[in-house]
Amino acid sequence: MLPFIQKMVVDQKKWLEEDEMVDCIAIAQSLPGVLAINTATYVGNRKAGLSGAVAATLGVILPSFIVIIILVLLLRSLGTSSYVEGAFIAIKAAASGLILYSAIRLGSMVVKGWFPWVLAIGSFVAVAAFNVSAIWAIVVGAILGVLYAVVRQRKGAL
């Protein structure tokens, strides 16, 4: 959903600028709930206030809700099938590809310079490979970012 929302909101409708979309995603990730729903709610609120937020939220939730109900009814009638299991494997792979695409596109807008790339890659490795909590990655990243800014500022003052 996120690449679709980004393409629609930034590229096609021009409701938000690229940097505003990055802020939108950052806010949506910090809130509890599904990222796509939070993003749609934010964009709806920016465009039309409370009524826009409600309309955007329902616009994201209702189609998925209806499709899930239909699929559950259909899958109940099919039982367990190797075809259904294969379809779910394909859906997971496609979703992973879309998430990776979105991460690379957003990362290229936000991560500029060598130090942010080191932090981004280090955080990813810590969370993905070493099972470090994302909260710790954020805290350590923030501390290192502040230290980096202090060092850069002192170098500029010299």
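Computed from the coordinates by the stated procedures, all read-outs in this text should not be read as laboratory data. Everything numeric in this text was worked out from a predicted model, so none of it was measured. Please note: Cβ atoms are built from the backbone with ideal geometry, for glycine as well, and neighbour counts cover all protein chains shown.
Observations on the structure shown:
- Qualifying GluC sites (Glu not before Pro) in the range 1-77, DSSP loop, other Cβ atoms within 10 Å at most 16: 17
- Shown is the FRET efficiency for residue 76 and residue 35, computed with R0 = 22 Å from the Cβ-Cβ distance and rounded to the nearest 0.05: 0.15.
- Under a Gaussian network description of the chain, with springs only between Cα atoms under 10 Å, the residue in 39, 57, 80 that fluctuates furthest is 80.
- Helix 114-130 axis, angle to the chain major axis (alpha carbon atoms, nearest 10°): 50
- Here's the list of lysines a cross-link from residue 13 could span, going by alpha-carbon distance under 22 Å and ignoring same-chain residues fewer than 8 apart: 47.
- Tilt relative to the chain, helix 35-78 - C-alpha long axis, 0 to 90 degrees, to 10: 40
- Kirkwood Rh in Å, taken over the chain so that all alpha-carbon pairs contribute: 18.7
- Those lysines that a straight Cα-Cα span of less than 25 Å connects to residue 112, excepting residues fewer than 8 apart in one chain: 7, 14, 155
- A Förster radius of 22 Å combined with the Cβ-Cβ distance from residue 124 to residue 92 puts the calculated FRET efficiency at roughly 0.65.
- Principal-axis tilt of helix 82-110 within the chain, Cα atoms, nearest 10 degrees: 30
- Fully extending the segment from residue 11 to residue 26 would add 3.5 nm, taking 0.36 nm per residue of separation and subtracting the current Cα-Cα distance.
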